[in-house]
1. Where in the range 240-318 are there trypsin sites (Lys or Arg not before Pro) that are in a DSSP coil and have at most 16 other Cβ atoms within 10 angstrom of their Cβ?
2. Give the residue from Pro87, Ala181, Pro215 lying farthest towards the positive end of the charge dipole for the chain; charges sit on Cβ (+1 for Lys and Arg, -1 for Asp and Glu) and the dipole is referred to the Cα centre.
3. Along the charge dipole of the range 296-378, Cβ charges K/R +1 and D/E -1, which of Gly376, Gly366, Ala298 sits furthest on the positive end?
4. Which of the lysines could a cross-linker span from Lys145 if the Cα-Cα distance has to be under 18 Å and same-chain partners fewer than 8 positions apart are dropped?
5. Would you indicate which of (i) 0.95; (ii) 1.00; (iii) 1.04 is the value of Cα Rg over 2.2 N^0.38 Å derived from the coordinates of this structure?
6. Quick check for me: using +1 on Lys/Arg Cβ and -1 on Asp/Glu Cβ, what's the dipole size of the chain about its Cα centre, in debye to the nearest 20?
7. Of Tyr183, Tyr263, Tyr22, which has the largest mean-square fluctuation in a 10 Å C-alpha GNM of the chain?
8. If you place +1 on the Cβ of every Lys and Arg, -1 on the Cβ of every Asp and Glu, and leave all else neutral, what size is the dipole of the range 177-344 about its Cα centre, to the nearest 20 Debye?
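We did not get these values from a lab; they are worked out from the coordinates using the rules stated. Since the structure is predicted, the reported quantities are computational estimates derived from the model, not experimental observations. Glycine also receives a Cβ, built like all others from the backbone with ideal geometry; neighbour counts cover every protein chain displayed.
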Amino acid sequence: MIRLGVDGRELRPGVSTGIGRYVLEVLRAASAAGWSCVVYGDAGARLDPTLPGVTFTALDTSWTQWWDQVTLPRALARDRITVFLSPYYKGPVRAPCPVVLTIHDLYFIDYPGRHRPVYEAIVTRAARLYAGRAAAIISDSEYSKRAIVDRLGVSATKVSVIPVALGGEFKPASLTTAARARYGLTSPYVLYVGNFNPHKNIPRLIRAFGLLPGPVRSRHSLVLAGGYGDGRPELARLAESLGLTDRVVFPGRVDDADLPALYSEAAVYVTPSLQEGFGATVLEAMACGAPVISSNRAALPEVVGDAGLLFDAEQERELAAVLARVLSDAALAEDLRRRALARAGLYTPARTTGRVLALLRDVNDGAAALARSLAGTP
């Protein structure tokens, strides 16, 4: 019988992250399949909503490495976990059960724009150790798989590419009048959702918006939603310096219940990122029927396919030209909406969380068969 353990430290009330969504979708699938699951978190984590067959346990977090390598393995043994899923590049080195890692990208080593040779050497060595000890590794994209194999020195056969699951809530919806007022939406808008870290390339997006033809720019606003991190003040100053203060909106964190409608009613959704291991917000936007334009970097072309328009992430004028095309051509925008919905429809549970469960089941069964063989039992 499978008894799944999951690292759930990313599940925090009022905070929505890509990793948190990934964990929740896997737990939903495991619960629906009738699996017994234990989610391990820290004092700040919560499992909401509760799911049948899934329990939550908070473990001591006095020191992260102690949690990873001492407290967690003890809990796995106590709870008789048969396979453990980590949504990170790390997991227990000595665990009483097989460990499956999910490595979304390698930015924890090679973060764009930062040169930290000593740090990178230490973290690379640790990541190689974790990857080497893991029973299997899940990657979101072929792009990330190539990076994992090249940088961490693991066999390609150990890495399974499984796209990120799409939550069922992401479908076309309408914003209420109250939501529009709450987020400051007073005109048709260009939308970005995510953080403001340097690799997200938001300054170029703001400058490209400023390059739009005057009549197009005056009819639209640029909505930069989310934005956790330290970059917002600098971006606000950039918008002010370009005379765009009244055109660039920073609504902050968007309630999960409002996010599908925010995507749905966008005139266009833009991802200008320089690096992405997958690009979950692009998939969410497509599922809500938003016209999508995306940079041509990293894993983004894999996700977008032929459902959106691509641009060079470092060419602001090219981004502005593509943006102006969609905002000025209603027929093109409608065609992109249709293609986006069709593309998102390919990311079925069978292709995403279903394959995660299948991999976990294979790892579990392989470990059980090995244990029986060593014990001399059939």
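1. Arg253
2. Value computed over the given set: Pro87.
3. Towards the positive end, the residue furthest out is Gly376.
4. Lys90, Lys158
5. Among (i) 0.95; (ii) 1.00; (iii) 1.04, the one calculated here is (iii).
6. 600
7. Tyr183
8. Charge dipole, the range 177-344, about its Cα centre: 300 debye, nearest 20.
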